[in-house]
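The values are calculated or read from the model by the stated rules, or taken from the named source; none is laboratory data. Every value quoted in this text rests on a predicted model; they were computed, and no experiment measured them. For neighbour counting, all protein chains shown are included, and Cβ atoms are generated from backbone atoms with ideal geometry for every residue, glycine included. Just so you know, the surface numbers come from the protein's heavy atoms only, side chains and all, with ligands and any DNA or RNA stripped out. Shrake-Rupley method; radii C 1.70, N 1.55, O 1.52, S 1.80 Å.
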Amino acid sequence: SGNLEMLELEGIAVTEGILTQLADAMTNHGYTDLWHTIAGGYSELTPSGGIHYYYRVTDGPALGNTKLARRPATAAELAAQPGNRIRVLIETRGEGGWSIVAPSTGRTHPTGQPWTVITGTPATVPGITTAQRDALHDICRLLDAMPDPAAPTPAAPAPAPPTDVTRGLRP
C-alpha cells in the first residue's frame, strides 16, 4: 500500500455530529494543522453518508484495520438489527485492509449510489508521521462511547421473598 491508511467516519457518525466533535477535539488538543492536512488532502463521501480521509505514513508502516470509536446500538437500531449491538463510528483501513474509492458505483454499494470525491485527488494524499497518525487515532478514541468493561455494573435489587399465606414468609 505504500503505507497508505484511510480514516473512516461512518454515515451514522457524520449524522450524529461526530465529525464536528472530531474537528473540535483536534483543535482543543493542539492538532488544528494536522486536521487541516488530513481534511484538506484527499477525501471521499461514501454512499451511506460517511467520509473517507486518506493519508500516507511517511516514517513507518501502515497499521492494520482498527476500530477507534464505537457506541452501543440504540433501541431502534436493535429492533431493526437485533444482532448488531455495537455501532462503529470511526475506524481505519490500513495494511491488509481495503477500501472502495470514487467513482465506484452501481452494484458496488447496496444503494447503487457512488463514492464521490469531496476534496483533492489521489495525488494530493498527504503524508503524516507515525507520531501524527498516533495522535489522530488517540483523539478519535476520545469519541468512543462504549461503557468501560472494567466498571462495575449496578447490582440488581434483591427479589422480594416469596410469601405463602398459610405458613408466612419462606427463607
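The figures follow:
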| read-out | value |
| --- | --- |
| Normalised contact order of the chain, rounded percent, pairs of Cα under 8 Å and 6 or more residues apart | 29 percent |
| Accessible surface of the chain [probe 1.4 Å, protein heavy atoms]: carbon and sulfur percent | 58 percent |
| Vicinal HN-Hα couplings computed from phi for the range 117-124 (Karplus, 6.51 cos²θ - 1.76 cosθ + 1.60; Hz; Gly/Pro x) | 6, 8, 8, x, 9, x, 6, 9 |
| Of ALA62, ALA131, ALA75, the one that fluctuates the most in a GNM where the chain has Cα springs shorter than 10 Å | ALA75 |
| Segments 49-58, 138-147 sorted - mean Cβ within 10 Å per residue, highest first | 49-58, 138-147 |
| DSSP-assigned coil residues among trypsin sites (Lys or Arg not before Pro) in the range 65-97, each with at most 12 further Cβ atoms within 10 Å | ARG85 |
| Nonlocal amide H pairs with TYR42, under 5 Å, H built at 1.01 Å | TYR54 |
| Probe 1.4 Å, accessible area per residue of the range 1-144, Å² | 50 Å² |
| Calculated [θ] (222 nm, deg cm²/dmol) that DSSP helices of n ≥ 4 give over the chain, each run adding -39,500 (n - 2.57) | -7000 deg cm²/dmol |
| The chain: angle of helix 18-28 to the longest principal axis, Cα-based, in degrees nearest 10 | 70 degrees |
| Built amide H within the under 5 Å cut-off of ALA73, gap 5+ | ILE86, ARG87 |
| Hz values of 3J(HN,Hα) by residue in the range 95-107 - Karplus curve (6.51, -1.76, 1.60), Gly and Pro given as x | 4, x, x, 9, 9, 8, 10, 4, x, 3, 7, x, 7 |
